[in-house]
Structure formats: structure tokens, C-alpha cells
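The values are calculated or read from the model by the stated rules, or taken from the named source; none is laboratory data. These numbers were taken from a predicted model, which means no experiment stands behind them. With ideal geometry, Cβ positions are generated from the backbone for all residues, glycine too; neighbour counts draw on all protein chains shown. The protein model used for the area step is the full one, side chains on, heavy atoms only, and it has no ligands, DNA or RNA in it. Shrake-Rupley method; radii C 1.70, N 1.55, O 1.52, S 1.80 Å.
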Amino acid sequence: MNGQGESPNRDDVVRAHQLCMDLHNFMMLINSIHDVEEILHKIVEESCKILGCESAQIAMREGEKWVIRYVNKLPDDLIGRAFTDEELPTAALAMITKKPVAIDDAYHDDRANNELMKSLGTKSVMILPLMEKGVVTGTLLCGYHSAAVSFTDTEIDYAGRVSAGVAIALQNAHLYQDLQRTGADMEEAKKLGDALNEIDAILYSTEDYDAIMKRILQLATDAIGAETAMIFSKEGDRWVTRYVYKLSQTLIGRSFSNSEVLHAAITAETRRSIVVLDALHSQDVGPEFVRRLGILSLLDFPLIVKGEIIGNLAFHYHSSPVPFNVRQVEFVRKLQNSISLALALVERAGKLEEASRELEAFNYTVAHDLRKPLTIINGYCQAIKELCGDKLNEQCNDYLHETYTGTLRMNRLIDALLNFSRLARVELRRETVDLSAIAKEVAAELKQAEPERQVTFRIAEAVSAEGDENLLRVVLDNLLGNAWKYTGTQEETIIEFGAMEIDGKQAYFVRDNGTGFDMADADKLFTPFQRLPGADKFRGFGIGLATVERIIRRHGGRIWAEGEPGKGATFYFTLPADKVST
């Protein structure tokens, strides 16, 4: 900046043109960089060229102070020095005004710290605010040392354009880094989801439970990136090593006391997981045990079946302490159910009977074909909310929220189905279930999913039953969802839910006025993956009614259907020992 030209002569025009060209080149440069640190370094380096100054420094706003983080042609010992607003008033002024501050005489102007300017030999300064999303996060101070400078309006305006350009570059760099992190998070979520799917399939792949447990331990350890893992079974007040991965086989069968494997004892008492970052100095682990195995950090879970602690699952790092993140902890929590069940079966019978082909196909479809795309949808919902949430209108944000909530609800339904298929020999949890309330919730969700449809729901009040609430919710989800789907072509849709007495027994029903079906095909309705003629134009996997039939049969009841083409369908089911009131 030359301080010359008070009138718009040819030199001013040339100068303005050159400044615009310099700004363009500068923006092309910093926008080609995706790392924030590198951008700030480059700003300090290039500012002397593009602004014509003789030194430059960037002070970042950290708490209530300004900390010098980057310098060019100034002493390096300035880096790390912190200043208050009173000590660096030029930066504070730029933060308040969000505009460049030009000071011709830095030795005497009250807006500057005159003593600091003299100590640096800075006779004139231009301070530019560095902003992100409208918030000043730092300032760029450009110094002139050989002579005082009189700043022109053109040069001050140019400095403002530089400031705005830097704000855009920083925002883009942060957005790029957020995308990179989100991509990594989604990749990890997909990896963990795929591992769970494979583990679910392994549980029914063979009767050799030693092979199953070893394979599960290997898959889980590799999925979360741990280096070793082990499973204890609890026998009285002792912990016996049953399975290890990438640890000495001589550990198998070794028995340990509560004090020796303190982490296992703690999880058994609290019934909660623990994450230990520094195992060598933690009070939550047995010091001799971790030193012997060279464990630096660990993630530990209790194994629980029917409310009883039957064992312990632990993952370790040895080369360096590594913190386990939330996704990894959640993965192991889900894995805990599979291993707890498998261990319980090993302890009771030593092996599990071979699952039928139908159950294998059903389990694989639920675990893999549904959970995998659900994980992707969930991840993209989170990414959109984090990266674009402030740009969406209220309606779009509501849609995004409902989509995300729907993925969580579907995940819970999938977990319930998987647990049901695995726990076929385990007693159901029976309780009084408000079926009317569940039916209303399902109806509300269906209406919210397709608000343009005109559908009348007639749901009887105070219908209750004795059974497993999660599984009976799946029953109504499927039956009401089927009714909604197969009435899609009706101008006026009516869907009913209620209870009645049939042959002296209480029966529940879901009735619709949809496409109906030919009673000759009724025996195909509850067969997995069998779809009736004409059903191809409707979405579905062909397992919904099979799922309902399995759940009702598991409760000791029965289900049947009546229908007529073009005149709707009614599905009935019974639940023994039920209590119904209308």
C-alpha cells in the first residue's frame, strides 16, 4: 500500500485493477487448500505480497484472550503469547466491528497498543477480522515498519474483500474436513454393522460352538480394531478363561480370583461396561494381570443371561493406549447379547440343534438385508443434519428428524426379531400389553409417512392382552402395515382393529377394505417369502406375515385370515391366557 492518490486518476484505476487481480489469485490459492492449518499459514505468508505489508501475524481468539499462532517476518518468540482485549485493542475493535481497522500512526493512535507497536517497530497497521459463519475467530495484523502508511479507501475496501474471501475459504475447509470425518464415521459404522450381520449368521451356521465362539471373537476384535480379546466364564467366585484371540493358548482353562481380574469383578457388580485408557495406572484393573499380558487399554463387558452374570468379554490394546469410541462400545453391547446366548447354550447343552432352512433364511434377511441399508440411511441423516441442518427449512428438518427417528425404531424392531429367533427356547416375557395404544401409535406413524392419503382408522378402545410387548408390537406393525399397503388404490380407506369372541375364545382382528385375496391362496399367506398373485406391485420382502405367524405361534396362539378379491381382508389371531376388554 503506497498511501498515494486522493483523486480517482489513472494510477488509482490501475492500482484498483491490480488489487482485484491479486485478490483473485489469492482466493484461487487458499480455496485449493483443504486443511485449515495450512490455509492460516498460507495467509500469513501471502499477506505481505498481496497487501504490500512488511510483516504479518495471526492472533486466534481462545477464550477471553488473543493468542499469536502464526507470524511472518516477526520474531518466532511471539508465537504462543497471549493478550487481553486491553493489550491488543486493535484485534478487539476488529472483532466488534467485523471490519478492517486501518491505523496510520500506530505509535500515537489511541486504538492501538502504542508500546507494543513501538517494541515491534510497527509504524502503521491494518487489522483484518478472520470469521467463520459470522463469528470472529481470529485477526490478521499487517504491519508496516520502514515508514508510516496513509491507507486509501480503495485499499481498506480491498482488505475487507480479503477478509470475506478468507472467511469463505475457512468455511469450505471446515466443511471438507467435516465431510472427511463423516465419511470415516459412516465407513466405521458400515464395518461394524457388517460384522454384526456376519456374527448373526455364524450363530446358526454350525453345531461346533467352540468354532463359533472363536470366529465371533476374531470378527469382533478385528471390527473394532483391538489387538487381543478374551472371554471368561464365571464359576462361583472364580473367572475361568474359555476363549482367547491372539493371546497365549496356555491361558485357556486358567482360573482367576476377583482381585486378579478386577475389571471383570467390577462389571459383574455394576452390570455395566468399563473403558480403561491407562490400564497400568487404573484402579479398575488387577495390576499383575495387565502387566503379565502387557495390556495398555481395554474395553470390558459383562455377559448376562436371564439376569445372571455368566461371564465376561474384554478387548485389549498392547502397543499403545487407545480410547474406544461410542460406536465401538455400542457394537460390543449388541455383540454381548449374541455371546451371552451362545455361552449359555454351551453351559447348558454344549451345542445348539441345527436351525431349519426357513429360520436361517428369515434370520439372514432381517439381520443383513434390512440392517445394512438402515445403517446407511441413519448415517446420511446424521451427515445431512450436521452439514446442512442450518440451511434446511423447518419442514425439511422435520422430515429429516422423522426419517432418523424411523431408522432408530426400525433398528429396535429388527433387534426384537433377531432376539426372538435366537431365543426360541427361552421363556417369553409376559405382561399386560395395551394393544389399543400400540395400534394408535402404528396408525399415527403410517399417516405421518403418507399424509396425503385419506385413511380412516377405527381402533377399539382399551383392548389389552398378555404377552411380550415388543413382539406384539411387531405383530400390529405388520398387520396394520399390510392393511395400509393393500388399500393404497382405494379412494376411501377404512382400517379397523378390535377384539371379538369366536368359538368361545377371545380373538383380535385387523380388517381393511383393500384388494383382498382369493381364499384358495390363503395357505400361502404365512409362508416365508411367498407372495400372492398380484402382490408384486406392492412393496415388501414376503416375510411380514410369516413373522406374525411365528410370534403368535410362539405365544401359543393361532392366526388365520379371510378375504375376497376386491373386497378386503380380515386377519384374526388369538393369545392364550389373554385378558381383553372393549
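Within region 33-56, residues that are more than 17 Å from SER163 (Cβ to Cβ) have Cβ atoms under 6 Å from residues that are open to solvent by 40 Å² or more (accessible area, probe 1.4 Å) and outside any helix (DSSP H, G or I) in these pairs: GLU54/HIS145; SER55/LYS73, counting only partners at least 6 apart in sequence or on another chain. Filtering region 492-518 to residues that are more than 17 Å from SER436 (Cα to Cα), in contact (Cβ under 8 Å) with a residue 12 or more places away in the chain and open to solvent by 20 Å² or more (accessible area, probe 1.4 Å) leaves GLU492, ILE502, LYS505, ASN513, THR515, GLY516, ASP518.
Residue-wise test of (1) at pLDDT 70 or above; (2) open to solvent by 20 Å² or more (accessible area, probe 1.4 Å); (3) within 23 Å of THR493 (Cβ to Cβ); (4) in a strand (DSSP E or B).
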{"position": "ALA520", "(1), (2), (3), (4)": "yes, yes, no, no"}
{"position": "ASP536", "(1), (2), (3), (4)": "no, yes, yes, no"}
{"position": "THR570", "(1), (2), (3), (4)": "yes, no, yes, yes"}
{"position": "PRO576", "(1), (2), (3), (4)": "yes, yes, no, no"}
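Checking TYR204 against (1) open to solvent by 20 Å² or more (accessible area, probe 1.4 Å); (2) aromatic (Phe, Trp, Tyr); (3) at pLDDT 90 or above: exactly one of these is not met. Which one? Result: TYR204 passes all but (3). Among the residues making up region 284-340, those that are farther than 14 Å from GLY225 by Cβ, charged (D, E, K, R) and within 20 Å of the chain's Cα centre (by Cα) are GLU330, ARG333, LYS334.
A count restricted to region 294-311 and to residues that are in contact with a Pro (Cβ under 6 Å, 6 or more places away or on another chain) and not in a loop (DSSP other than H, G, I, E, B) stands at 2.
For region 551-568, filtered to residues that are under 39 Å from the mean Cα position of the chain (by Cα) and open to solvent by 40 Å² or more (accessible area, probe 1.4 Å), the residue that is modelled with the lowest pLDDT is ARG554.
Report, by residue number, each residue of region 296-313 that is among the charged types (D, E, K, R) and open to solvent by 10 Å² or more (accessible area, probe 1.4 Å). Matches in region 296-313: LYS306, GLU308.
The lone criterion from (1) touching a Pro at 6+ places or on another chain (Cβ under 7 Å); (2) open to solvent by 50 Å² or more (accessible area, probe 1.4 Å) left unmet by HIS108 is number (1).
When LYS49, LYS65, LYS73 are screened for being over 18 Å from GLU115 (Cα atoms) and modelled with pLDDT under 90, only LYS49 passes. Residue pairs, Cβ under 8 Å, 6 or more apart or interchain, first in region 386-413 and small (Gly, Ala, Ser), second open to solvent by less than 60 Å² (accessible area, probe 1.4 Å). List them. These pairs meet every condition: GLY389/ASN397; GLY389/LEU400. Of all residues in region 312-334, those that are outside any loop (DSSP other than H, G, I, E, B) and hydroxyl-bearing (Ser, Thr, Tyr) total 1. In region 221-245, the residues that are free of Cβ contacts under 8 Å to residues at least 40 places away in the same chain form Cβ pairs under 7 Å with partners that are assigned to a strand (DSSP E or B) and among the small types (Gly, Ala, Ser), at six or more places apart or across chains, as follows: ARG238/SER255; VAL240/SER233; VAL240/SER255; TYR245/ALA229. Summed over region 115-143, the residues that are assigned to a strand (DSSP E or B) and free of Cβ contacts under 8 Å to residues at least 60 places away in the same chain give a count of 8. The set of residues from region 252-283 being part of a helix (DSSP H, G or I), more than 30 Å from the chain's Cα centre (by Cα) and surrounded by fewer than 17 Cβ atoms within 10 Å (Cβ to Cβ) comprises LEU280, HIS281.
Condition check ((1) open to solvent by 50 Å² or more (accessible area, probe 1.4 Å); (2) touching a Pro at 6+ places or on another chain (Cβ under 7 Å); (3) not in a loop (DSSP other than H, G, I, E, B)) across all residues:
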| residue | (1), (2), (3) |
| --- | --- |
| ALA443 | no, no, yes |
| LEU446 | no, no, yes |
| PRO451 | yes, no, no |
| THR456 | yes, no, yes |
| GLU461 | yes, no, no |
| ALA465 | no, no, yes |
| LEU472 | no, no, yes |
| VAL475 | no, no, yes |
| GLY488 | no, no, no |
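All of (1) out of contact with any Lys or Arg (no Cβ under 7 Å at 6 or more places or on another chain); (2) surrounded by fewer than 17 Cβ atoms within 10 Å (Cβ to Cβ) hold for VAL149 with one exception: (2). For GLU427, are the conditions met, namely being at pLDDT below 80 and either closer than 25 Å to PHE331 by Cα or open to solvent by 40 Å² or more (accessible area, probe 1.4 Å) (or both)? Here the answer is yes, as GLU427 does meet what is asked. Filtered by the rule that a residue be outside any strand (DSSP E or B), open to solvent by 50 Å² or more (accessible area, probe 1.4 Å), touching a strand residue (DSSP E or B) at 6+ places or on another chain (Cβ under 7 Å) and on the phi < 0 side of the Ramachandran plot, region 38-81 gives HIS41, GLU45, GLU54, ILE79, ARG81. When LEU296, LEU313, LEU303, LEU335 are checked against the criterion of being more than 27 Å from GLU198 (Cβ to Cβ) and in contact with a Phe, Trp or Tyr (Cβ under 9 Å, 6 or more places away or on another chain), a single residue qualifies: LEU296.
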